[in-house]
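Some notes on the structure that comes next.
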Amino acid sequence: MPNLTLDTLQQTIIDDVRRALAEDVGSGDITAALIPADRLATATILTREAAILCGTAWADEVFRQVDPAIKVQWLAKDGEQMQPDQVFCKLSGPARGLLTAERSAMNFIQTLSATATRSRYFASLVEGTSVRLLDTRKTLPGLRMAQKYAVTCGGCHNHRIGLFDAFLIKENHIAACGGIAEAVTQARKLAPGKPVEVEVESLDEMQQALSAGADIIMLDELSHDDMREAVAQTAGRASLEASGGITEKTLRSVAETGVDFISIGSLTKDIKAVDLSMRLSM
């Protein structure tokens, strides 16, 4: 599946920010209202720890929706490495707007930068191999597209976006359809052109999926020896994706079996927000 890009996410960003501000600001920021409406201020945002920056477009949209008079200057770009105590954003404009927007903007940056940072770490573990690391649907509710974009900023890649853009036929689907061949055939009829992926738990099931014409075969918790054998038997007739039970310690050895993809839910679900700080001055 192709990676998400910012030019395809413009409406998503607007909607994400609108929901975040409705949740946070609600009927109005009563604390910011203590400040004179005409008071101007400047601010900087810095990171207290090393991180890969991500989320600038979401932060831009937060400031725009709160007060279009706020000016934003980025000193780093999405995907760039930041060092501890590095100032990566300068702001100027109405003090009320800066303070109202602060938390929502930083929430997006700290979460998406955390996702990008974790993705960059995992990508570094397989550097030099041909494998592509994929995300999953194990994302934070409401931030599916944002986190999947962040994964790409960290050097990993996108699996399917949801249940609508590709088939992933698993054990229960196979049982309900009557078999692997039956499930793949029905998928081709239902949505011609959509990628068809089949999850298998043995080399025998892999051969069934291959014979049925699956585009991608997911090897669920197969041994390293079986993965290597799957690569040999498939011989490029379908892409192979390793999944299940893969840890940081085993990731490199799985990549070296020759599979095309490894999917890792940890890229998006096991993240710790990056520690950021916004400093305001009048």
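Please treat every number below as a calculation from the coordinates, not as lab data. All of these numbers come straight from a predicted model, not from anything done at the bench. Glycine gets a Cβ as well: all are built from the backbone with ideal geometry, and neighbour counts include every protein chain shown.
Using Cβ contacts closer than 10 Å as the measure, can you line up LYS272, LYS194 from fewest to most?
Final ranking by Cβ density, sparse to dense: LYS272, LYS194.
Are there DSSP H segments in the chain that both extend 24 Å or more along their axis (alpha-carbon positions) and score a mean Kyte-Doolittle hydropathy of at least -1.0? List them, or say none.
Helix filter hits for the chain: 95-125.
Given the rule -39500 (n - 2.57) for each run of at least 4 DSSP H residues, summed and divided by the residues of the chain, what is its mean residue ellipticity at 222 nm, to the nearest 500 deg cm²/dmol?
Using -39500 (n - 2.57) per qualifying helix, the result is -13000 deg cm²/dmol.
Could you line up ILE13, ILE30 from fewest to most neighbouring Cβ atoms inside 10 Å?
Ordered from fewest to most neighbouring Cβ atoms within 10 Å, ILE13, ILE30 come out as ILE30, ILE13.
Let me know the volume per residue of the alpha-carbon convex hull for the chain, in Å³.
In the chain, the Cα convex hull volume per residue is 134 Å³.
Just tell me which lysines come within less than 23 Å, Cα to Cα, of LYS71; anything on the same chain fewer than 8 places away is out.
Of all the lysines, those that pass the test against LYS71 - Cα under 23 Å, at least 8 places apart if same chain - are LYS90.
Along the positive direction of the dipole of the stretch 105-254 (beta-carbon charges: Lys, Arg +1; Asp, Glu -1; about the Cα centre), which of THR111, LEU240, CYS177 reaches farthest?
Of the candidates, THR111 comes out farthest on the positive side.
Excluding residues on the same chain fewer than 8 positions from LYS189, give the lysines whose Cα lies under 25 Å from its Cα.
The qualifying lysines are LYS170.
Ranking GLU23, GLU241, GLU229 by Cβ neighbours within 10 Å, fewest first, what do you get?
GLU23, GLU229, GLU241
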